[in-house]
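Contents: one structure, followed by commentary.
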Amino acid sequence: MSNVPGTGDQADTLRQLARNAKQNRMDHVPSFGLVDQQGIRVISVTSGKGGVGKSNVVSNLAIALSAQGKKVLLIDADLGLGNLDVLLGLSPVYNLNHVLNGEKSILDILIDGPAGIKIIPAGSGVQELTSLRQHEKLKLLDELDTLEEQFDVLIVDTEAGISENVTYFTVAAQEIFVVVTPEPTSITDAYALIKLLATRYAEHHFKVLVNMAKDSEDALEVFRKLANVAGRFLDISLDYLGCVVKDEKVVEAVKRQKAVTELFPDSDAAHCYTTIAKRVIENKRQTRIKGNIQFFFRRMLDGVGGS
């Protein structure tokens, strides 16, 4: 696995000090203990620009993880162009709004996806989270507590770019996966996002997934370019998570509102997702734990990612 030099115990210590300082300011909701390696794993998948196939990556990675025996929960947090349900041919009746106004519980709004994955259709309700009153926050956190022991992995599909909503979700997650393509603008925008998260929010660890690569060497060259510029100007580490090759089966699957891993499990792209899913699982012990699912939402509720 590739790494950008310049990080170590000192960087990790500074990062934890920054986290502790933010945690001490969260006085609107009760404190919950951090998880150990057995707790739910919270992964934010983001990108510097749209059009890189991020939501496709999220849905297929979730299915590939499920095929490896993991219980996976997705939350569609792309408030402007949320399309996980469209990509997977699903029609949710309820979303997070119904939980916030007390009509439904968090379990009521979960929808079934392919291969046993579950999805929280966030809708526009996520935009209202930071304006909730204290008792409403506590109610939501209590609802989320019911999910803690039911899933191994929570994957958050964020918006593309560097909006406030992106930072809400990304900073609160345990791990950050950045999706990039071989296009120069994608690489540039991915660097801009990483730079913002590193300099403003003390994030120093990122995993890079190259999508729509011509082949593995093409993907590695994309990673090298991103790693080189990041290594020159930022005190961060970048890990190469893997690549998904450009595959016409992906286009066909999107047209049919199915995941390529479900519709064409023997395709090149599907094999790529299987490889990445195995790598994600193998890297579990290297996860830098921030907290559990309540910790994730509590940071969001208090607007930790706000400007």
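Could you sort 227-233, 258-264, 113-119 so that the peptide with the highest average Cβ count within 10 Å comes first and the rest follow in order?
Result, highest mean Cβ count within 10 Å first: 258-264, 113-119, 227-233.
From the cross-link list Lys104/Lys258; Lys104/Lys249; Lys139/Lys255; Lys49/Lys255; Lys139/Lys258, which pairs have alpha carbons spaced over 32 Å apart? Mind showing how you got there, number by number?
Numbers: Lys104/Lys258 28 Å; Lys104/Lys249 38 Å; Lys139/Lys255 39 Å; Lys49/Lys255 22 Å; Lys139/Lys258 35 Å.
Cα-Cα > 32 Å for Lys104/Lys249; Lys139/Lys255; Lys139/Lys258; rest within.
Report the label-to-label distance for Tyr201 and Glu252 in nanometres (one decimal), using points 7 Å from each Cα along the Cα→Cβ vector.
3.8
Between Ala115 and Glu217, what FRET efficiency comes out of the Förster formula 1/(1 + (r/R0)^6) with R0 = 35 Å and r the beta carbon distance, rounded to 0.05?
Once the sixth-power term is evaluated, E becomes 0.70.
How large is ³J(HN,Hα), in whole Hz, for each residue of the range 201-212 in order, when computed from phi with the Karplus curve 6.51 cos²θ - 1.76 cosθ + 1.60 and θ = phi - 60°, using x for Gly and Pro?
10, 6, 8, 10, 10, 9, 10, 10, 10, 8, 9, 6
So between Ile281 and Gln134, what do we pick up on full extension, going 0.36 nm a residue minus the alpha carbon distance?
49.3 nm
Grab the beta carbon distance between Val229 and Thr146, set R0 = 41 Å, and tell me the FRET efficiency rounded to 0.05.
0.40
What is the set of long-range amide H partners of Arg41 at a cut-off below 5 Å, with H atoms built 1.01 Å from backbone N?
Amide H to amide H, under 5 Å and 5 or more residues apart or across chains, Arg41 pairs with Val153, Leu154.
What is the packing order of peptides 148-156, 268-276, taking the mean over residues of other C-beta atoms within 10 Å and listing the highest first?
Numbers: 148-156: 19.6, 268-276: 21.1.
So the peptides 148-156, 268-276, ranked by packing, come out 268-276, 148-156.
Taken together, the values in this text are just the output of simple stated rules run on the coordinates, not laboratory data. Here the structure is a predicted model, which means the values were calculated and not measured. Note: ideal-geometry Cβ built from the backbone for every residue, glycine included; neighbour counts use all protein chains shown.
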